[in-house]
1. Would you tally the residues in region 120-137 being surrounded by fewer than 16 Cβ atoms within 10 Å (Cβ to Cβ) and closer than 23 Å to Ile204 by Cβ?
2. Based on this model, can you work out whether Val98 counts as at pLDDT 95 or above, out of contact with any strand residue (DSSP E or B) (no Cβ under 6 Å at 6 or more places or on another chain) and buried (at least 18 other Cβ atoms within 10 Å of the Cβ)?
3. So which of Ala57, Ala89, Ala63, Ala84 is in contact with a Ser or Thr (Cβ under 7 Å, 6 or more places away or on another chain) and closer than 18 Å to Val145 by Cβ?
4. In the list Arg75, Arg110, which residue meets the criterion of being within 22 Å of Leu127 (Cα to Cα) and surrounded by fewer than 17 Cβ atoms within 10 Å (Cβ to Cβ)?
5. Checking Gln299 against (1) closer than 20 Å to Val67 by Cβ; (2) modelled with pLDDT of 95 or more: exactly one of these is not met. Which one?
6. Does Ala89 satisfy the criteria of being of a type in the set (Gly, Ala, Ser), surrounded by fewer than 24 Cβ atoms within 10 Å (Cβ to Cβ) and touching an Asp or Glu at 6+ places or on another chain (Cβ under 8 Å)?
7. What pairs come up if the first residue lies in region 43-71 and is in contact (Cβ under 8 Å) with a residue 24 or more places away in the chain and under 17 Å from Gln305 (Cα atoms), the second is in a helix (DSSP H, G or I) and basic (Lys, Arg), and their beta carbons are under 9 Å apart, counting only those six or more places apart or on different chains?
8. Does region 12-23 include one or more residues that are crowded, with 21+ Cβ neighbours inside 10 Å, more than 18 Å from the chain's Cα centre (by Cα) and modelled with pLDDT of 85 or more?
Amino acid sequence: MSRLTRTMRKVISQDSSVEQRARGLRNMLRFRLGRPITRRDFYASPQGEGSRLGIMAVGGCDAGTAVGAGPMLARSRHRPVCVAWIGRAPETRSDLLVQTLNPPDPALTREVSEKLGLDPDYFSPRLFVPDFTPPSQGGIGRFPVEAVVLSISTDTSRTLYRHREHGFLVDPGGWWLAGEMGEVLADKTIVKWFAENFEKIGRISLEDSMSNFERIVNEVRRASGAHVVVMNVLSVDPGSAALDYKFSNSPNRVRRREFNIALAELADRLGFPVLDVDRIAKSTGIAGQADFVHYTPDQKRLISQDLIRILSAAGLVPERQRRPGSRDRGERSRPVERGAD
C-alpha cells in the first residue's frame, strides 16, 4: 500500500469516492510512464507493440481468477493488455445478464438501487459492449473486448428475487454486511420494504440456465466479436465427508455435475471452449480450498495458464514455448495487497 493511500485512509473511509478518484489519477500517471497496474480486480500493462488486448471476466470469485493471466501475458510484451474482473456474483447470474439486454426503466429501479446499495451499472449491459475500461480507471484508455471469460458457478448457487409489481430481478447479495450490523439490525424498514416488494424465485433451472448462456454467447459475439470462454465448476465439495447422497434432496455436488455436463454439450454445439477448472482443481488436490469457487495459489496459476493456452489457440496471443507444468522465471505469484496498485 502506498504512502498516499495510507494517508488518505486516515482522513477518509477506505474505497471512498475520493480515494477511488485519487487512485485512478495515480494509475493513469503510472500507466503513461509505461508501468503496469496490478490490482485484485484488474491488471493492465502498456508494454507491447501490437494493438491493445482486452479480456473481460464476468462472474463470481472463480471468474476473477482470470486476472492472474494478465502478468503472464504481459511478459511476452506482445501487446498491451488489460484483464479486468467486471461484475461480481450478485450481478452475474445468467438471467441477470440477459435482463441487461432490455434493462428496466431507471425510474423504476432507482429506489431499489439506493436501498440495496447496488452498483450504478447493475442494470446496464456492461458485458455486451465492444470495448471497456476498468471501473474508475478511465485515464488508461479503453481496451477492445477480444475475449470474455464467464462462469456457471453463480447459476449453480445464487438465489434471485423478482419485483412483485415491475417484474425485474435482483440479487441482494451481502448488502446488509456493508455497514455496522448494529445499524442494519436497527433499521428494519429496509427488510420490511424488501419483503413487501420482492418475491423469491430461488435458484435457476438447468434448462433456463443453458438457454440463457446460449443467448449470452451469441449476444457477446454480436456486440464485440469476442472469443467466449466459459469456466465450469468444481463438482465436489472441499472438506465434505459425505459418502452416500441417496437421502439428500438434490445435493449441490450433483447439481454442479449436471451443469458441467450441460455446459460441455452447449460448448460443442456453439463452438466455444470450456475452461475446465473442475479437472484442474482435482488434479492438484482440493484439500486446501475453502469452498468450490475459491482456489489455492497453485490452482490459480494453472487456471491462468490454461486460459492463456485457450487464447493462444484462438490466435490472440503467441504460443508459449515452455514445458507443460513448468514455471516461468518470476512466475511465482506475489501477494497483491487489497486495494494496492
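The values are calculated or read from the model by the stated rules, or taken from the named source; none is laboratory data. Just so it is clear, the structure is predicted and the values come from calculations on it, not from any experiment. Here Cβ is always computed from backbone atoms with ideal geometry, including for glycine, and neighbour counts include all displayed protein chains.
1. 2
2. yes
3. On inspection, the qualifying residue turns out to be Ala63.
4. Of the residues listed, the single one that is within 22 Å of Leu127 (Cα to Cα) and surrounded by fewer than 17 Cβ atoms within 10 Å (Cβ to Cβ) is Arg110.
5. (2)
6. Yes.
7. Thr65/Lys300; Gly68/Lys300; Gly68/Arg301
8. Scanning region 12-23 turns up no residue that is crowded, with 21+ Cβ neighbours inside 10 Å, more than 18 Å from the chain's Cα centre (by Cα) and modelled with pLDDT of 85 or more.
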